[in-house]
Amino acid sequence: MTPSKLSVRHLIGIKDLTENDIDLLLETAIQFKEVLQRPIKKVPSLRDITIANLFFENSTRTKLSFELAEKRLSADIINFSSSGSSVSKGETLLDTVQNILAMKVDMIVLRHPAVGAASFLSKKIDAQIINAGDGTHEHPTQALLDAFSIKEKFGKLKGIRIAIIGDILHSRVALSNILLLKKMGAEVKVCGPSTLIPKYIESLGIKVEFNLMEVLNWCDVANVLRIQTERQELQFFPSAGEYANFFGITKKTLDQLKKKVVLMHPGPINRGVELSTDAADSEYSIILDQVQNGVAIRMSVLYLLANSN
């Protein structure tokens with residue numbers, strides 16, 4: 001029987017969640033997705049809760065998704081962006097957060113370029129912390145919405161074969177997905193250029209495949225990651241065109257497979273590099289379902305954390 005409360009007070013990373021926590025988050029998201037289909041899409045669940053969205057890195061999808069989830073739950077919201085703030089004058093993360101907490105904030109959604117920023121804050125302040133991405137480390141709500149989208153499509157996670165393709169080295173999405181999917185009994189392989197596969201990956205019980213067609217014929221789901229040029233100080237492959245030739249997926253690629261593969265992408269897509277337009281917009285793709293499911297999952301996270309406090 002799935003418990004009614006989470007075992008954690010913060011959502012720092014997938015590694016901290018139990019299988020029961022994940023089941024509860026996914027089941028609760030089903031109920032919130034039903035709310036989002038109604039003419040009136042708002043519930044009063046977090047009416048007395050104040051949430052600060054602190055984004056120290058650029059974000060469109062995650063930030064908008066959290067904001068919408070918070071509004072659908074009737075929370076009060078403070079939005080903070082580091083550009084144009086006192087951070088540019090040298091203010092520390094802790095000082096910034098303590099100033100915001102002085103305004104009586106209950107919960108903080110944090111995106112930060114430093115690995116471990118969310119964990120650091122959770123030990124320093126009383127407010128609950130939700131990690132919306134810390135450097136190249138974790139992005140737990142993205143992994144949850146990806147898992148929710150897969151389960152919605154297949155009815156289960158256990159035994160489903162998922163290939164994570166692309167820039168594994170710089171991706172916080174990859175690590176969170178691997179931890180969650182392995183925990184829930186799915187089979188996972190990664191695929192990409194050898195320069196973009198981290199050395200520690202096999203220690204997670206993950207097999208590496210360097211041939212795109214081999215891994216696509218193996219998997220049920222291809223979760224394709226963006227090439228993160230903004231995190232790359234070195235040149236990890238000769239050119240975008242070279243990458244697209246060996247690891248880019250087109251609709252023609254998908255049509256040639258022995259079975260139908262579900263196509264996912266956390267966004268934003270580098271069209272013509274990791275995915276062609278005809279693949280991203282094809283019947284194989286559930287990318288827009290992921291976007292919709294992101295709001296339901298984040299509603300689930302906010303609601304359950306508020307009730308675990």
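The values are calculated or read from the model by the stated rules, or taken from the named source; none is laboratory data. Since we're looking at a predicted model, the values are computed, not measured. Positions of Cβ are generated from backbone atoms using ideal geometry, with glycine treated the same way; all protein chains shown enter the neighbour counts.
Before moving on, here are some points about what is shown:
- Of all positions in region 112-120, none carries a residue that is assigned to a loop (DSSP other than H, G, I, E, B), surrounded by fewer than 19 Cβ atoms within 10 Å (Cβ to Cβ) and of a type in the set (Ser, Thr, Tyr).
- Some residue of region 92-106 being assigned by TED's automatic domain parsing to the domain that holds residue 127, assigned to a helix (DSSP H, G or I) and within 24 Å of the chain's Cα centre (by Cα): yes
- Meets criteria (polar (S, T, N, Q) and not in a helix (DSSP H, G or I)) for residue 131: yes
- Restricted to region 151-198, and to residues there that are modelled with pLDDT under 95 and charged (D, E, K, R), the residue that is farthest from the chain's Cα centre (by Cα) is 167.
- Search result, residues across region 251-262 that are of a type in the set (A, V, I, L, M) and either free of Cβ contacts under 8 Å to residues at least 60 places away in the same chain or under 14 Å from residue 212 (Cβ atoms) (or both): 254, 257, 261
- Lone qualifier among 173, 188 - being in the same structural domain as residue 254 (by TED's automatic domain parsing), touching a Leu at 6+ places or on another chain (Cβ under 7 Å), hydrophobic (A, V, I, L, M, F, W, C) and in contact (Cβ under 8 Å) with a residue 60 or more places away in the chain: 173
- Applying a threshold of 7 Å to beta carbon distances and a minimum spacing of six or more residues, or different chains, the list of pairs starting in region 263-277 at a residue that is crowded, with 22+ Cβ neighbours inside 10 Å and ending at one that is among the hydroxyl-bearing types (Ser, Thr, Tyr) reads 263/284; 263/285; 264/149.
- Restricting attention to region 34-63, the residues that are among the hydroxyl-bearing types (Ser, Thr, Tyr), within 23 Å of the chain's Cα centre (by Cα) and in a loop (DSSP other than H, G, I, E, B) total 2.
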